[in-house]
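Engineer: Take this structure, written in structure tokens, and hold onto it; I'll ask about it next.
The values are calculated or read from the model by the stated rules, or taken from the named source; none is laboratory data. Computed from a predicted structure; not experimentally measured. Neighbour counts run over all protein chains shown; Cβ positions are idealised from the backbone, glycine included. We work out accessible area using only protein heavy atoms, side chains counted, and drop any ligands, DNA or RNA first. Shrake-Rupley method; radii C 1.70, N 1.55, O 1.52, S 1.80 Å.
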Amino acid sequence: MSKKSKTIIVAVKGVILYQGRILLVKRAAADSAGAGSWECAGGKIEFGESLEAALEREILEETGLAVTTERILYAVTLLTDPARQVVIITYLCRAARGEIRLSEEHTDYRWCTVSEMNALLPPQIIADFQEHGIFELEGLLL
């Protein structure tokens, strides 16, 4: 396999806090990657965008929320197939309101406590949250 046939994608995700809960969104059933799974809002950066601008744009597009981006929480990388690697940079964000307007990329949303996140999130995201102290964020409801 030649180097030219391999791709690296950079994506940003937001752990969005509002009134002690974190927003999770459910991917649409027709989604080619992770259909029907719960995740944090976010997506791929576009050429020339800063990481924070990409994240704020993606969150606004997916949820209708304007957020304040605070800091990087952690970064991970994974191979989605032998020729595609994804780098995900996860930020702490805060929302001033909780009303959500979903795009067609997602079919549901929930503002979750730690126990609710543990019931909904895929095992790898739970492991990442545990490893990087997300469940211990100040003000987060258990």
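Engineer: Leaving out ligands, DNA and RNA but keeping every protein chain, what accessible area does Arg101 have, in Å² rounded to the nearest 10, with a 1.4 Å probe?
Structural biologist: 150
Engineer: Okay, moving on. Measuring from centroid to centroid over Cα atoms, what is the spacing of region 36-71 and region 97-133 in Å?
Structural biologist: 14
Engineer: Tell me, what is the 1.4 Å probe accessible area of Trp38, in Å² to the nearest 10?
Structural biologist: 20
Engineer: What translational diffusion coefficient, to the nearest whole µm²/s, does region 12-93 have by Stokes-Einstein, given a Kirkwood radius computed over alpha-carbon pairs, a temperature of 37 °C and 0.692 mPa s viscosity?
Structural biologist: Taking Rh from Cα pairs, D becomes 245 µm²/s.
Engineer: To the nearest 500 deg cm²/dmol, what mean residue ellipticity at 222 nm is calculated for the chain from DSSP H runs of n ≥ 4 alone, each contributing -39,500 (n - 2.57), summed and divided by the residues?
Structural biologist: -6000 deg cm²/dmol
Engineer: Right, something else. About the Cα centre, and with charges only on the beta carbon of Lys, Arg (+1) and Asp, Glu (-1), how big is the dipole of the chain? Nearest 20 debye, please. Provide the component values of the computation, followed by the final result.
Structural biologist: On the way: 15 positive and 20 negative charges, 64 e Å.
With only Lys, Arg, Asp and Glu charged at Cβ, the dipole is about 300 debye.
Engineer: Still on this structure, please answer the following. Taking the chain as the reference, fit the longest principal axis to its C-alpha atoms, fit the long axis of helix 51-63 to the helix C-alpha atoms, and give the angle between the two in degrees, 0 to 90, nearest 10.
Structural biologist: 70
Engineer: With every protein chain present, what accessible area does Glu105 have (1.4 Å probe, heavy atoms only), rounded to the nearest 10 Å²?
Structural biologist: Counting only protein heavy atoms, the figure is 80 Å².
Engineer: For the chain, which whole percent of the accessible surface, found with a 1.4 angstrom probe, sits on carbon and sulfur atoms?
Structural biologist: Details: 4280 of 7870 Å².
Carbon and sulfur atoms account for 54 percent of the accessible area of the chain.
Engineer: How big is the equivalent ellipsoid of the chain along its three axes, where each semi-axis is √(5λ) from the Cα gyration tensor, reported in whole Å from largest to smallest?
Structural biologist: With the √(5λ) rule applied to the chain, the semi-axes are 24, 17, 16 Å.
Engineer: What span do the alpha-carbon atoms of region 1-56 cover on each of the three principal axes, reported in whole Å from largest to smallest?
Structural biologist: Its Cα atoms span 48, 29, 14 Å along the three principal axes.
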